[in-house]
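Structure, as structure tokens:
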Protein chains: 2
Amino acid sequence: MKKIIECVPNFSEGRDPGRIDKIVEPFRGKTDVKLLNYQHDENHNRMVVTVIGEPDALKEAIISAIGAAIDVIDLMKHEGQHPRMGAVDVVPFIPIKNVTMDEAIEFSKEVAENVSRKYNLPVFLYEKSATRPERQNLADIRKGQFEGMDEKLRLPEWKPDFGPSKVHPTAGATAIGARMPLIAFNLNLDTNNLEVADSIAKKVRHIGGGLRYCKAIGVNLKDQGIVQVSMNMTDFTKTSLYTAFELIRIEARRFGASIVGSEIIGLVPLEALVDTAIYYLGMENFSMNQVLEYRIME
Amino acid sequence: MKKIIECVPNFSEGRDPGRIDKIVEPFRGKTDVKLLNYQHDENHNRMVVTVIGEPDALKEAIISAIGAAIDVIDLMKHEGQHPRMGAVDVVPFIPIKNVTMDEAIEFSKEVAENVSRKYNLPVFLYEKSATRPERQNLADIRKGQFEGMDEKLRLPEWKPDFGPSKVHPTAGATAIGARMPLIAFNLNLDTNNLEVADSIAKKVRHIGGGLRYCKAIGVNLKDQGIVQVSMNMTDFTKTSLYTAFELIRIEARRFGASIVGSEIIGLVPLEALVDTAIYYLGMENFSMNQVLEYRIME
């Protein structure tokens with residue numbers, strides 16, 4: 001594959017194996033499309049798919065998968081813990097190889113236009129594709145969820161970017177856009193005091209005055225008797241993993257706490273780990289072209 | 001490419017562009033063979049090629065390149081700073097993807113047998129392919145160099161593994177074998193005292209009582225006014241980059257010196273850098289399958 005875009009669509013179905021299979025099917029057995037992973041959760045009643053592909057082949061596959069999800073999911077009957085506004089809740093596209101962010105934005109708009117027309121679906125452009133600042137953040141668009149969406153869509157300021165100004169009766173509305181790769185990075189602390197994790201999370205995250213591309217919350221890991229600072233690193237090229245790690249280490253001192261471990265959930269771009277190795281080993285003039293596997297991929 | 005072997009042959013020609021081109025030519029424009037790099041040095045009068053390939057295609061290409069080197073190089077007329085015993089001095093094979101070390105050893109023996117027969121060349125198996133312990137180390141095999149090789153080859157203990165027991169009149173002798181990827185890792189210190197770098201190198205390297213898979217020497221970087229501990233990490237899966245880094249940091253304290261920078265020369269396997277990131281971020285249960293590019297390569 002010369003050009004690679006990653007897509008991580010979230011579908012509001014995490015329970016019925018038959019339906020799950022129908023949604024995932026368009027990603028299987030295609031030239032230039034590779035299904036990397038799909039995870040579904042009973043409690044959330046939601047599925048996250050990770051797929052990569054050449055732009056043209058990926059576009060065809062995601063349009064089919066969105067059609068399949070609209071066919072099999074009825075949000076009128078949907079319940080689950082995770083907030084959602086659509087059968088296809090959100091469709092992010094991430095530029096991976098030989099694709100610029102501008103090209104990924106353009107690509108996301110083409111997909112959005114196509115599915116809004118084909119399935120009569122209201123679509124919001126979000127993140128880097130957003131047409132106004134208040135639509136960058138998915139949480140702002142999704143506020144009110146499926147149940148409140150019909151009323152919201154009639155407001156002039158919430159007119160969808162594509163498709164009708166009313167919800168799809170069974171599929172709701174969908175957000176589509178381009179974004180940087182997101183890294184789910186969690187740090188465990190040697191305390192069972194959730195307030196400690198919460199305080200640190202507030203200090204390190206962007207909205208609290210912390211790092212620009214870091215979202216964070218405190219989480220209680222009851223079965224392990226410890227707490228965790230759970231982060232989404234939204235642009236590792238600007239806010240490094242090691243920066244968040246070192247800042248949390250420093251902040252934890254205030255509470256006499258220490259980092260006792262960490263984890264990355266799901267996939268991580270090679271460059272984020274290389275960036276970390278370069279920092280700790282103090283490497284000068286290191287180039288990604290020195291990574292053997294990177295050269296093999298060329 | 002389903003299976004990948006890397007080859008880093010060293011040729012005793014670093015000056016004549018026409019000859020260099022003839023030696024490198026068999027690696028160009030082949031399906032399933034990829035020339036990653038070639039560097040030649042006037043002072044050393046030597047060239048190091050880095051190439052990867054599927055076993056069958058790589059075998060054909062390296063046999064041709066060895067033939068080309070024997071055609072164009074005459075060691076009777078060769079001078080250069082680097083020790084050498086052959087026109088094709090050494091040919092290491094490194095298992096990279098879906099190839100075991102045992103398979104790489106078998107592969108190296110097939111190439112050795114073939115070129116010894118085809119070019120009437122004495123060949124020693126070295127490193128993991130060595131047939132006796134005193135032939136593991138290239139320096140031991142090469143001792144005496146081209147000029148002393150004819151006498152050495154007549155000794156029963158230095159009978160070559162393949163080919164005649166006398167030097168090739170213009171191409172000398174060659175060492176061929178399988179080995180782990182080698183990482184050239186250098187750490188700079190904030191002192192201009194070469195004795196400090198030498199003392200640290202002696203302490204950290206295997207023969208001095210240090211790390212099992214680490215070779216090290218002190219080097220004077222005169223133009224920068226500092227010294228360097230220059231290392232070859234010969235099995236990063238067992239002796240990690242960060243282990244050498246931390247050990248040198250600790251040892252440097254004895255002299256009131258600090259590490260002020262580092263560099264990796266040439267290529268490095270992805271896993272060596274990921275291993276380093278995992279250590280410093282304290283990551284638990286991280287799998288190489290979480291590296292996006294690793295999945296794309298599958």
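Tabulated data for the structure shown
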| quantity | calculated |
| --- | --- |
| Residue check for A:D71: more than 19 Å from the chain's Cα centre (by Cα) and either of a type outside the set (V, I, T) or modelled with pLDDT under 95 (or both) | yes |
| Complete set of residues in segment A:115-142 that are buried (at least 17 other Cβ atoms within 10 Å of the Cβ), at pLDDT 95 or above and either of a type in the set (V, I, T) or in a helix (DSSP H, G or I) (or both) | A:V115, A:S116, A:Y119, A:V123, A:E127, A:K128, A:S129, A:R135, A:I141, A:R142 |
| Some residue of segment A:99-110 being assigned to a helix (DSSP H, G or I), open to solvent by less than 10 Å² (accessible area, probe 1.4 Å) and polar (S, T, N, Q) | yes |
| Residue match in segment A:200-213 (condition: within 21 Å of B:Y294 (Cβ to Cβ) and outside any loop (DSSP other than H, G, I, E, B)) | no |
| Any hit, segment A:269-281, residues being without any contact (Cβ under 8 Å) to a residue 40 or more places away in the chain and polar (S, T, N, Q) | yes |
| Check on A:F162, in contact with an Asp or Glu (Cβ under 6 Å, 6 or more places away or on another chain) and aromatic (F, W, Y) | yes |
| Matching residues in segment A:244-298 - criterion: being open to solvent by less than 70 Å² (accessible area, probe 1.4 Å), part of a loop (DSSP other than H, G, I, E, B), farther than 24 Å from B:R249 by Cα and at the interface with chain B (Cβ under 9 Å from one of its Cβ atoms) | A:G266, A:L267, A:P269 |
| Enumeration of residues in segment B:158-186 that are of a type outside the set (V, I, T) and assigned to a strand (DSSP E or B) | B:F162, B:H168, B:G172, B:A175, B:G177, B:A178, B:A184, B:F185, B:N186 |
| Flag if A:V260 is at pLDDT 95 or above and closer than 25 Å to B:F245 by Cβ | yes |
| Those residues of segment B:69-86 which are among the hydrophobic types (A, V, I, L, M, F, W, C) and open to solvent by 10 Å² or more (accessible area, probe 1.4 Å), in sequence order | B:I70, B:V72, B:M76 |
| Sole exception among (1) under 22 Å from the mean Cα position of the chain (by Cα); (2) surrounded by fewer than 18 Cβ atoms within 10 Å (Cβ to Cβ) for B:G209, by number | (1) |
| Neighbours by Cβ (under 6 Å, 6+ apart or cross-chain): first from segment A:173-201, without any contact (Cβ under 8 Å) to a residue 12 or more places away in the chain; second open to solvent by 10 Å² or more (accessible area, probe 1.4 Å) and of a type outside the set (S, T, Y) | none |
| All positions within segment A:187-206 that are over 23 Å from the mean Cα position of the chain (by Cα) and not hydrophobic (A, V, I, L, M, F, W, C) | A:D190, A:T191, A:N192, A:N193, A:E195, A:S199 |
| Criterion (open to solvent by 70 Å² or more (accessible area, probe 1.4 Å), in contact with a strand residue (DSSP E or B) (Cβ under 9 Å, 6 or more places away or on another chain) and within 14 Å of chain B (Cβ to nearest Cβ)) met by exactly one of A:K30, A:K2 | A:K2 |
| Condition met for A:K238 (away from every other protein chain (no Cβ under 11 Å) and either more than 30 Å from B:L189 (Cα to Cα) or in contact with a Ser or Thr (Cβ under 8 Å, 6 or more places away or on another chain) (or both)) | no |
| Matching residues, segment B:35-68, being open to solvent by 60 Å² or more (accessible area, probe 1.4 Å), within 14 Å of chain A (Cβ to nearest Cβ) and either modelled with pLDDT of 95 or more or part of a helix (DSSP H, G or I) (or both) | none |
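The values are calculated or read from the model by the stated rules, or taken from the named source; none is laboratory data. Since the model is a prediction, treat every value here as computed from it, not as a measurement. Note that we place each Cβ from the backbone using ideal geometry, even for glycine, and neighbour counts take in every protein chain shown. The protein model used for the area step is the full one, side chains on, heavy atoms only, and it has no ligands, DNA or RNA in it. Shrake-Rupley method; radii C 1.70, N 1.55, O 1.52, S 1.80 Å.
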